[in-house]
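Reviewing the structure listed below.
Values in this text are rule-based calculations from the coordinates and carry no lab data. Since this is a predicted model, take the numbers as computed values, not measurements. Glycine gets a Cβ as well: all are built from the backbone with ideal geometry, and neighbour counts include every protein chain shown.
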Amino acid sequence: DQQVKQNSPSLSVQEGRISILNCDYTNSMFDYFLWYKKYPAEGPTFLISISSIKDKNEDGRFTVFLNKSAKHLSLHIVPSQPGDSAVYFCAASAPWGSQGNLIFGKGTKLSVKP
Amino acid sequence: GAVVSQHPSWVICKSGTSVKIECRSLDFQATTMFWYRQFPKQSLMLMATSNEGSKATYEQGVEKDKFLINHASLTLSTLTVTSAHPEDSSFYICSARDLRGRGYTFGSGTRLTVV
């Protein structure tokens with residue numbers, strides 16, 4: 001059973017507009033969430049994270065929103081740029097010492113068109 | 001920032017041979033490293049958790065005798081794919097957990113093709 005779900009395998013957005021990538025999780029023990037960006041044949045690159053004690057974290061063009069009651073988080077990219085085109089993975093982590101590894105979603109391929 | 005170096009970036013080997021992949025944390029000590037595998041259009045799947053000085057913990061369905069993991073120091077973990085078969089062809093990625101926080105840094109990955 002997938003604990004982290006990214007239900008949209010792909011998303012296409014016009015340059016300059018907002019990209020919204022969604023992620024749902026099922027395990028209430030998760031308390032830390034991360035978004036990674038991945039280009040083909042490369043390792044994931046960390047983008048932004050959020051702790052469960054917050055509901056929003058912002059870093060430049062990237063903002064992550066967390067809705068704990070809905071077990072849902074989203075990544076907003078605004079304005080979107082062609083260089084943002086990549087696969088975005090949502091990942092979740094349980095408290096330190098209990099489950100140290102990340103659980104990844106299947107990823108959403110974002111295409112930003114000029 | 002934290003850097004994890006992974007080598008080789010790609011390798012082609014003959015069926016039946018073994019391949020070693022190295023993962024080094026360059027500017028921090030990593031007591032725990034993780035090895036993932038990604039098939040095309042799939043998510044990153046955790047294969048095993050490597051702890052310095054002790055045996056690795058393998059996920060269900062991952063053959064420990066086939067995927068040998070050694071974590072001999074705080075900065076180096078290796079994954080050896082033994083007696084490789086074409087179905088082992090995949091993208092292998094390591095990551096290390098930063099001791100200072102909840103951060104994870106990934107290596108650049110290794111594309112393994114078994115012919």
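For segment A:2-53, the direction-averaged projected area of the alpha-carbon convex hull comes to 5.0 nm². Put a plus charge on the Cβ of each Lys and Arg, a minus charge on the Cβ of each Asp and Glu, and nothing anywhere else: the dipole of the protein assembly as shown about its Cα centre is then about 260 debye. Each of A:Leu75, B:Leu44 was scored by other Cβ atoms within 10 Å of its Cβ. Listed from fewest to most, they are A:Leu75, B:Leu44. Segment A:67-87 and segment B:13-78 have Cα centres separated by 29 Å.
Spin-label pair B:Lys55-A:Ser52: with each label point 7 Å from Cα along the Cα-Cβ axis, the two points sit 3.1 nm from one another. Among B:Ala72, B:Ala96, B:Ala30, determine the one that fluctuates most according to a GNM of chain B built with springs between C-alpha atoms less than 10 Å apart. Highest fluctuation among the options: B:Ala72. Computed with the Debye formula from one identical point scatterer per Cα of segment B:1-109, without solvent, the log10 of I(q)/I(0) at q = 0.15 Å⁻¹ comes to -0.58. In the frame of its principal axes, the protein assembly as shown has Cα extents of 49, 38, 35 Å, reported largest first. Given in Å, the Rg to one decimal and the Dmax to the nearest whole number for the Cα atoms of segment A:3-91 are 12.7, 37. Between rounded, prolate and oblate, where does segment A:41-106 land on the alpha carbon gyration tensor, with a ≥ b ≥ c its root eigenvalues, rounded for a/c under 1.5, else prolate if a/b exceeds b/c? Oblate is the answer for segment A:41-106, as a/c is 1.5 or above yet b/c matches or exceeds a/b. Under a Gaussian network description of chain B, with springs only between Cα atoms under 10 Å, the residue in B:Ile69, B:Ile93, B:Ile12 that fluctuates furthest is B:Ile12.
For chain B, the cysteines with no partner cysteine C-beta closer than 4.7 Å are B:Cys13.
Largest GNM mean-square fluctuation across A:Asp59, A:Asp84, A:Asp31, computed for chain A with C-alpha springs under 10 Å, falls on A:Asp59.
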